[in-house]
Amino acid sequence: MRQQFRNIVVPLALLALLPAAAAAQEAATITGRVTGEGGTPLAAVTVSIAELGVGTQTRDDGRYTLVVPGARVARQSVALAARRVGYKPRTVRIALVPGAITQDFALETNPLQLGEVVITGAGTATEVEKLGSVRNAVSADLIVKANESNVVQALAAKAPGVDVTSSAGDPGASSSIKIRGLRTIQGSTQPLFVVDGVPVDNGSYSTTNFNPVDAGGTGQAGQDNGGQIEGTSQPNRMADINPDDIESVEILKGAAAGAIYGARAANGVVLITTKRGKAGATKYALRSSVTSDDITRKYPLQTKYGQGRAGVLLASCNTSTTLSAGGPCVRTWGPALTGSVFDHASEAFRTGHQNDNVLSMSGGNDRTTFYLSGNLNKNQGVFIGPNNYFDRATTRLNATHKLTETFNVGGNFSYADTRGHFTQRGNNVNGLLLGLLRTPPDFNNFPFLDPVSGLHRAYRLPNPDLTTAGQTRGFNNPIYSLYEELNQAQASRTFGNVNADWVATDWLKFNYTLGADYSNDERLEICPQECSDVAAGGRITEGKIVNYSIDHNLTATGRYQYSENLGGGLTLGQNLNARNFRTFSIVGRQMIVPGLNSISNTLARDPAADYQTVIHDESYFGQLSLDLYQQLFLTAALRNDGSTTFGTDNTRNWFPKASAAWTFTKLANPGEYLTYGKLRFSYGQAGQEPDPYLTSPTFTATTLTPGISQGTGLTPIQSGRGGLFFTTTKPAAVLKPERTEEKEFGFDIGFLQDKADFSATFYKQHSTDVILVTPTAPSAGYSSEVKNAGVIDNGGTEFSLNLRPFTTATQAWDIGFGWSRTQSLVVDIAGADFKLLDNSTTQNVAKKGYPLGVFYGLGMIRCGLSNPDELPAGVLDAACAGKPTGTLYIDDGTHCSIDAGRPCGETLDQRVLGDPTPKWTGNIRTGYRYKKLTLSGLLDIRKGGQVHNGTKGALWSYGTHGDTENRATCTGAATANSDCTGNMKVFGSADWYPGPVTGPGAGVAVPIGENWYRNDIAPCPFTGIDEQCIEDAGYVKLREISIGYSFDQSWVTRGLGLSNLDVRIAGRNLKTWTKYTGLDPETSLGGSINRVTGVDYFNLPQTRSIVLTVGLNR
Amino acid sequence: MRRRTMVAGLALVMSATACNSFLSEPDAIRDPNNPSTATRNQLLAGIEAQMMNQQEGGVAMIVCQWMQQCAGVAGRFVEVQGKYVVSENSFELDFNSIYTGGGLVSIRQAKASAQADNDAVYLGVLEVLEALQISWGADMWGDIPYSDAAGDNPTPKFDGQMAIYDALQTLLE
């Protein structure tokens, strides 16, 4: 590499020296002043002469000086352009003569952003009006205003069709981003993230994957073992970027826009550009914010009834020194409480604090610019105890240097150190909410250690003596989970690039970027000696994750302007990308000494395991553009990808794209109302790479797991050598990337003299070669095989409308609306009817003829939906005659229900019960400025989309849910209607399962208590009748609201020596309007890893925040 | 001249980085986590281990419970034992194990290796194991695929139970 570098640098240096030596003529010095609205000076305006490749920037007073070397001054006419983001660029033709030239500019604001440069990926760029697909840019201002430390979460409600879901309010918890729906069954749903031209890692990895034995996974330790539904939240790795370093984000939403990234772009691409220094005096900015966080909602729990069953609490429950293994002590169906009750809905929570400090410096001169920043973010979460925090320190240096007039070099480097302690959650007896919400209201979780024995004290084992040391408590005392369990992640990450730009001639430019991304993530998970997992005696899981990638991207861009009406460009490029992922892990069991968190402190260890993947991609791409009559812009691109994941035989795939943008208002004279109009059409294909090694035939070390026991397997050996056998998954000979073909059509119009703009986009996607693991005839030697077999369609509509009723020097008001709808359809899954998407607590499936990811399971017996064979022949048909589809069948206790008046659960056929994908999403954003005062707000709207609220179903059964406060008094078996009295309800009435009912038991009043909530079909996670847990999770969320003031009076400028001082108070997620009965409708058990969304099973709560920010700028 | 040097320099960058071996990097092509070849003695250990596991596995456990000679512990096998709930999935893994993993597919590979080296000892051992494996399958399920199994046919044809015993007898002789 070094040799090659010298080969290129030496001749370039020579090139630069030659004209200088020949200079005999006087240079031309162009000076001037650039002003904006109201004549205010504009800083950081780029003033350049494109054809000579020279340029400079204005200083704070709006003045600039541009020197053109004498050798290039030939009294020719050149175009001098002034451009700045947010202003309409202006170009003036001047005669370039030796000596002083003065040229001032007055720029107008540019709400439609016409003429602004848009980066389109892989080293290509274009201008807004030439873009053939919809543009979604998120500015630095909007990112900072979101007050999110994770840039992915900051993108929530910023662009139509971009669906961001935070997995929890736990500090550092991942956020998932899904663009234009789902299109894969085995692969990732997350877009490709590219920072300053280099693809970077945004993975999220569960520590539980290191322990397939306890997680019940089938993979090797280190592979995905479904660990994301239990264990702790983990960050998505884009949390390593400081949002304050971001200059802009461009979201390439579909295959049509992202095709230039070929086999990695099917889920869209998020292009992030970080800040650069600007020539002029060095600027300093210090921004400090303090945040106060608390949970958005308290869980509704009942406080009237205590522990027990059928109204009776056995005395032994309170005196027990051994675990109550089930039976009468575990649930809260005991007597009405007269004594003290404990507030489990809030006892584990506190006000969390976040402290974010960013110091940045930037500046430079005509040749060299730099941007240097440091960020310290300390986030203390809302759960009590020492183990709930996520701290991040980052630093970044971006620098550019002009070696010669035509040769620029630069580098962008970032280092991030993140350390966090996370909280156990989800389907997990160690989890915080599982223990907390199941605790009866009459049990005091404090102290969590028994005062006599010093051991873990939980409601199922209230008085532990030393004989219970090292034993499970059934469910953890939640406070013990918070104080004693350690779930640590420490990651260090470096990513960045070096780049060089060479303007070879007026029309030809080369760019080279070499990027790297390296992270080392160390995990330690301690389940102490009395924790409630299967790990009797304690368990230590230790693992390291090393992730590194190198990216090389070389482009050559030629531009040709034949005449005013005919121009074009051609970009050719080559990309090499290598990605390595490695894990090393060990699980130790039975801790010898409590509190010593070292693997050496364990009696037994599972075999240590390592796992690695290596992926190499080699790609070539080209993009051709043609500009006609300044109104028709055509672009075509082609990428050819080779990847080691495609297998050895067929390692190359083509991804074409074509787009057209037509500014139709150029053709006819635009009226007073319609100032700008563009029609756009684009077509493109993009892919998703298969997982590595699906084409590699392997032998597996024999591991015998006898019977169904949950434990470590045995590896047979023969004379000290291990045994092997052939893989049970048939390797594919050839595997193609999953391919998404997209057609996008839309228009952008600006009207009312730029006071408004509207954009509409319609798209259709057709994804083929979707990778599936399908069962095969085992007699062929394999139980499954990997195939390109699925077909999934997606379609959607996106609108955005922005209004700027007034924009003057003193005040401005803008308001924007976004709306989008996306719907997928599973067309084919290798001929199968349905396929499970993920390991989850629910069944989210790809089912033929339905949207991808629907909930699939058993419901209540309903007309037209249930199999008539659920009931004796003719019974359901007779009851349903003339009734609408979905009418609830109410039995009389003879066919399927326990007693008369109750509905029944299905047993035969599973059906589609709901869809987690929202019907539509929208956002309303507004900003108002009066002189130095700014106000802003953002509403996030999600219509429809369901969540499987398994938490509710489980708490119904446990009798702690708020719904169970109104309960019938039950005795005996608490099963039949006759066992219970009071709280009489009629199914189908307005306050109890409203809707049409039919059947022999319809209208019969039933006492509702333990007989229904625990002993009938109500508790969905335990009965498998999922229908009752599925709830509408639509919401309207006040994502952001803020008020700010920027002081620049003389006490600031003279007294403090600053240019201005900004103060801002903001609220984040302050209010959520929803019908959802759980903690928050925005929730995700699997976080950003899972394809499944809409699952709530003891998920951690979300938070809302008040943020006070002070910014000092100089 | 100058331009030629530059073009040459650039060509060098392009050619040196676009190396042909980039897409055939061994760790990227072959799974580095699992071996991609196995010797016949390694396979033999796997085959024998799977056979042991099969003989002691699900079929043995469940039949033992139905004969009321043993019972599940810690709540296991409640469905099978108490309610006689048996589905087509109950013995799926046992059926699969005749062919997959250390089953016939590995036996055939080990035999091919022994034949190639004229290793009569291994070949003999493997033929005995093949007979044991397949006869166990025929004992349990009657007609099963054998002659066509673990080969190129994705849906192997079933052979008659008696024909299988005859074929195995021939194999042993």
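Relative contact order for chain A: 11 percent, from Cα pairs under 8 Å spaced at least 6 residues apart, divided by residue count. Annotation: amide H of A:Glu127 within the under-5 Å range of A:Val118, sequence separation 5 or more or interchain, hydrogens built in the peptide plane. With the convex hull of the Cα atoms taken as the outline of the stretch A:926-1000, the averaged projected area works out to 10.0 nm².
Taking Cα atoms only, the orientation of helix A:2-22 departs from the longest principal axis of chain A by about 30 degrees. The listed peptides A:1050-1061, A:115-126, B:100-111, ordered by packing as a protection proxy, come out as B:100-111, A:115-126, A:1050-1061 (highest mean of other Cβ atoms within 10 Å first).
Cross-link reach is defined here as a Cα-Cα straight distance under 27 Å, omitting same-chain residues fewer than 8 places apart; for A:Lys283 the lysines meeting it are A:Lys88, A:Lys145, A:Lys275, A:Lys378, A:Lys402, A:Lys931, A:Lys932.
Across peptide B:48-56, the average count of Cβ atoms from other chains found within 10 Å of a residue's Cβ is 4. Compared with the alpha-carbon gap, the fully stretched path from A:Glu247 to A:Tyr673 is longer by 150.1 nm at 0.36 nm per residue. Relative protection proxy for A:449-458, A:375-384, from highest mean packing down: A:375-384, A:449-458 (other beta-carbon atoms within 10 angstrom). Averaged over peptide A:608-621, the number of partner chain Cβ atoms lying within 10 Å of each residue's Cβ comes to 3. What does the charge count around A:Ser779 come to, taking other residues whose C-beta lies under 12 Å from its C-beta (Lys +1, Arg +1, Asp -1, Glu -1)? Here the charged neighbours net out to -2.
A helix-only calculation puts the protein assembly as shown at -4000 deg cm²/dmol for mean residue ellipticity at 222 nm, using -39500 (n - 2.57) for each DSSP H run of at least four residues, averaged over all residues. Among A:913-919, A:770-776, the peptide with the highest mean count of other Cβ atoms within 10 Å heads the list, and the full ranking is A:913-919, A:770-776. Can you give the net charge of the other residues whose Cβ lies under 14 Å from the Cβ of A:Leu752, counting K and R as +1 and D and E as -1? Local charge sum for A:Leu752: -2. Placing pseudo-labels 7 Å out from each Cα toward the beta carbon at A:Thr40 and A:Val67 gives an inter-label distance of 3.2 nm. Its relative contact order, with pairs defined as Cα atoms under 8 Å and 6+ residues apart, puts the stretch A:717-815 at 27 percent. Peptide A:1099-1109 shows a mean partner chain C-beta count of 0 within 10 Å per residue C-beta. Between rounded, prolate and oblate, where does the protein assembly as shown land on the alpha carbon gyration tensor, with a ≥ b ≥ c its root eigenvalues, rounded for a/c under 1.5, else prolate if a/b exceeds b/c? Note, shape of the protein assembly as shown comes out prolate. Round to a whole angstrom and tell me the spacing of the C-alpha centers of the stretch A:361-417 and the stretch B:126-173. The stretch A:361-417 and the stretch B:126-173 have Cα centres spaced 67 Å from each other.
Taken together, the values in this text are just the output of simple stated rules run on the coordinates, not laboratory data. These figures come from a predicted structure and were not determined experimentally. Cβ coordinates were reconstructed from backbone atoms using ideal geometry, including for glycine residues, and neighbour counts include every protein chain displayed.
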